[in-house]
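Notes follow once the structure below has been shown.
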Amino acid sequence: MESYDVIVVGAGPAGLLAAGRAAELGGKVLILEKMRHPGRKLLITGKGRCNITNDASVGEFIKYVFPNGKFLRNAFAQYYSKDIIDLLERYGVEVSLERGGRYFPTNNKAKDVLDALLHWVDDLKVEIRTGFKVEKLIVENDEILGLYSNGQEFLAKSVILSTGGKSYPATGSNGEGYELARRVGHTIEKPIPALVPVETEGGVAQKLQGLNLKNVRAVVWVNGKKMGEDFGEMIFTHFGLSGPIILTLSRIMVAELQKNNKVEITIDLKPALDEQKLDNRLQRDLNEHGKKKISNIFRNWLPSSMIPVFIELLELDPEKECHQISGKERKKIRHLLKNMPFKVSHSRSFKEAIITAGGISTKEIFPKTMESKLVSGLFFAGEMIDLDAKTGGYNLQIAYSTGWLAGNSCMLGNKNNLLESKSPEK
């Protein structure tokens with residue numbers, strides 16, 4: 001039997017921040033990680049580049065967090081983007097600010113970010129044991145006493161669960177942490193894939209496979225009602241649609257597909273032009289090139305690989321000359337340029353989801369400390385909490401901030417919790 005001040009379950013970014021902060025405050029800290037190596041999921045973030053964080057203000061940031069971004073105000077007030085950047089720079093990681101407010105390591109190596117965090121916790125004498133799977137939390141009289149891992153009993157004043165969600169299960173985040181929390185009374189909001197590509201009906205996306213579009217607008221429709229939109233970059237795949245704006249909108253699509261609702265997505269290929277301006281341009285181009293084949297003039301409007309697919313959808317004769325295009329046909333062209341439709345049939349699985357939506361209900365966690373409202377001494381951090389955000393470094397910042405706050409709180413006691421529990425409901 002071994003005893004610690006704090007045991008952290010999971011060696012991802014949230015767990016490392018939690019452990020490091022608790023150790024900074026003098027705690028004897030142990031991290032238990034079931035995989036052979038810590039931080040495996042961090043290595044694949046940002047396609048191996050690691051989108052460390054975002055420079056958005058707190059007020060702007062929480063707008064992009066679902067289902068309740070305001071829950072994070074306390075965490076962000078104590079540990080935010082500048083803090084993680086300062087820590088990484090202290091350990092030799094240079095960072096660069098890119099478009100969309102996204103911070104990356106200058107050398108584009110996620111491994112350097114992980115190595116810096118591991119170096120930090122090592123300097124603070126945090127003990128990490130890999131290959132240790134936690135089977136059960138030890139709770140008596142609604143108070144954490146420790147846990148069982150690999151058949152061994154570990155005692156602790158505080159336990160921080162930071163096991164991740166269910167996305168990319170090969171990296172170790174397969175949802176096991178939810179069951180640990182459920183067994184001690186916590187409510188789990190149904191986990192679903194988020195920031196995930198979607199599959200579409202028909203063969204249009206497949207014919208355009210590999211085509212990357214920039215500066216387009218995607219709109220999600222549920223049972224004919226507009227439910228969300230985003231502007232930016234997307235890509236066609238062999239199964240459907242992917243890319244940043246599709247991933248951001250996937251949270252809406254997956255949730256509605258789970259309800260068996262009809263989900264469609266339309267792509268506005270000319271978002272800078274309203275209907276009238278686009279129609280004026282079409283008329284001008286058609287008049288100026290009256291003797292040219294319509295298939296040739298489409299080069300002025302679309303990437304070349306889209307043209308045959310577009311003409312097929314419009315049921316146009318590619319040999320038809322521009323001056324022969326009727327007003328009705330021009331209207332169809334304009335409409336398709338502004339509303340290229342796709343019926344969404346499924347999302348891809350957790351294996352391809354960047355993060356998980358759902359998880360431990362925030363109603364059962366004190367936002368000022370990340371401590372459980374049900375079990376004293378039990379804390380949560382990172383993706384396993386029912387919080388998720390758009391792409392752009394937001395989800396990693398949630399992990400750092402909630403991890404740091406959990407590590408800070410478990411060493412400073414539960415005064416904030418006592419004050420909050422006595423305050424009236426807002």
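The values are calculated or read from the model by the stated rules, or taken from the named source; none is laboratory data. All values derive from a computational prediction rather than experimental measurement. For neighbour counting, all protein chains shown are included, and Cβ atoms are generated from backbone atoms with ideal geometry for every residue, glycine included.
See the values below:
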{"item": "Yes/no for residue 360 being farther than 30 Å from residue 62 by Cβ, buried (at least 21 other Cβ atoms within 10 Å of the Cβ) and not aromatic (Phe, Trp, Tyr)", "result": "no"}
{"item": "Residue that is at positive phi and at pLDDT 95 or above, where the choices are 151, 146", "result": "146"}
{"item": "Residue match in segment 314-337 (condition: surrounded by fewer than 24 Cβ atoms within 10 Å (Cβ to Cβ), in the same structural domain as residue 251 (by TED's automatic domain parsing) and touching a residue at least 60 places away in the same chain (Cβ under 8 Å))", "result": "yes"}
{"item": "Segment 311-347: number of residues that are within 30 Å of residue 250 (Cβ to Cβ) and either touching a Pro at 6+ places or on another chain (Cβ under 6 Å) or in a helix (DSSP H, G or I) (or both)", "result": "12"}
{"item": "Conditions (1) under 21 Å from residue 341 (Cβ atoms); (2) modelled with pLDDT under 95; (3) surrounded by fewer than 18 Cβ atoms within 10 Å (Cβ to Cβ); number of the one not met by residue 290", "result": "(1)"}
{"item": "Qualifying positions in segment 45-73 - farther than 14 Å from residue 391 by Cβ and among the hydrophobic types (A, V, I, L, M, F, W, C)", "result": "58, 62, 71, 72"}
{"item": "Enumerated helices (runs of 4 or more DSSP H) restricted to segment 218-310, each holding at least 2 residues that are under 14 Å from residue 346 (Cα atoms) and in the same structural domain as residue 338 (by TED's automatic domain parsing)", "result": "244-258"}
{"item": "All strands (runs of 3 or more DSSP E) inside segment 17-135 with 1 or more residues being touching a Cys at 6+ places or on another chain (Cβ under 9 Å), outside the structural domain of residue 232 (by TED's automatic domain parsing) and surrounded by 17 or more Cβ atoms within 10 Å (Cβ to Cβ)", "result": "102-105"}
{"item": "Some residue of segment 157-169 being among the aliphatic types (A, V, I, L, M) and either over 28 Å from the mean Cα position of the chain (by Cα) or exposed (fewer than 14 other Cβ atoms within 10 Å of the Cβ) (or both)", "result": "no"}
{"item": "Of all residues in segment 261-292 being in contact with a Lys or Arg (Cβ under 7 Å, 6 or more places away or on another chain) and charged (D, E, K, R), the one that is farthest from residue 236 (Cα to Cα)", "result": "279"}
